[in-house]
Amino acid sequence: MHPTFSIVFFTTASGAGFALLFLLGLAAPLGLLPESSGFGFVALATAFVLATAGLVSSVFHLGRPERAWRAFSQWRSSWLSREGPAAIFAIGWIFFGVTDGVIGLFGFLAAICAAVTIACTGMIYASLKPIHQWHNRWVVPNYFTLGLMAGFLLLDLIIRFWTVRPVGTPLLALLAVLAAWWSKEAYWRFIDTTSAPSNVASATALGSRGRVRMLEPPHTQDNYLLQEMGFHIARKHKTRLRLIARITAFVLPALLCLIALIGSGTVAAIAAALAVLSAAVGLVAERWLFFAEAKHTVMLYYGADAV
């Protein structure tokens, strides 16, 4: 599948934003985060900006961008418009310094909505049966673990401006990075060792007549299907990009989280900031590969032996 920047940015930025909102909505009502209105403003603003920027960027991939407003206005049917509880939670925390009671309930509700949104984002792709690399059990867990990794890294960086030496957030961030790494490796191993059940014989329903092969392609020149669903990435590039993703998204953030955990002061803060930057680069590489490695079943009609 052709990886466009708008979709890559949408899935990475919104995933990080909603994951951060999920963590804030759970932890703040339980008293696990600083009650400062300033902390609430910075943390929630970061979550809202990332989530909103990601969702807005997704409209540039629509066939009719001028109709994008419907996705944000139809709250009964569109998961893009369900940020109301988060707004009430933010008002209570920032303007009144309250994170418990009724406001805390809205925080929990915002966390649930954020988790559902991440699940919906993953299911956009996991529900597509013609694409074997997406229609499998690892896609939605990958979206959750990678989002939580980004959320914990952001939370660990932000909280350092209010807490001298946090212990819980860098430890949880480290565990989240390791969990995301394990989940991603499992996904890569799955798509490398399995293929879609469809082949040329089953796609054409001619398998009972003997060996099936394509005589000529359906088209003599490039078309929309070949441009959007026939994207091809060379094996050497795939290997190199996976290595970049492993190092920048998992190895470096894990080491930097460890430094932030055992260190203190400026060194720990710099390590936390570098972990966020490294993970951002790695997640973009990982998400670009997520699209580039996907193969649509329609390519069987263009000469592919298997997808």
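Taken together, the values in this text are just the output of simple stated rules run on the coordinates, not laboratory data. Predicted model only: the values in this text are computed from it and were never measured. Cβ atoms come from the backbone with ideal geometry, glycine included; neighbour counts cover every protein chain shown.
Structural remarks
- Ranked by the mean number of other Cβ atoms within 10 Å of their residues, highest first, the peptides 144-151, 49-56, 255-262 come out as 144-151, 255-262, 49-56.
- Efficiency of FRET between Leu243 and Leu277 - r from beta-carbon atoms, R0 22 angstrom, step 0.05: 0.75
- When shorter helices are ignored and each DSSP H run of at least 4 residues is given -39500 (n - 2.57), the per-residue value for the chain at 222 nm works out to -21500 deg cm²/dmol.
- C-alpha center-to-center spacing [segment 26-56, segment 243-307] in angstrom: 23 Å
- Summing +1 for each Lys or Arg and -1 for each Asp or Glu among the other residues whose beta-carbon sits under 11 angstrom from that of Thr169 gives +1.
- Against the main long axis of the alpha-carbon atoms of the chain, helix 37-58 sits at an angle near 20°.
- Charged neighbours of Lys184, selected by a Cβ distance under 10 Å, balance to +1 (K, R count +1; D, E count -1).
- Two-site label geometry, Leu215 and Val102: point separation in nm, points 7 Å out along Cα→Cβ: 7.5 nm
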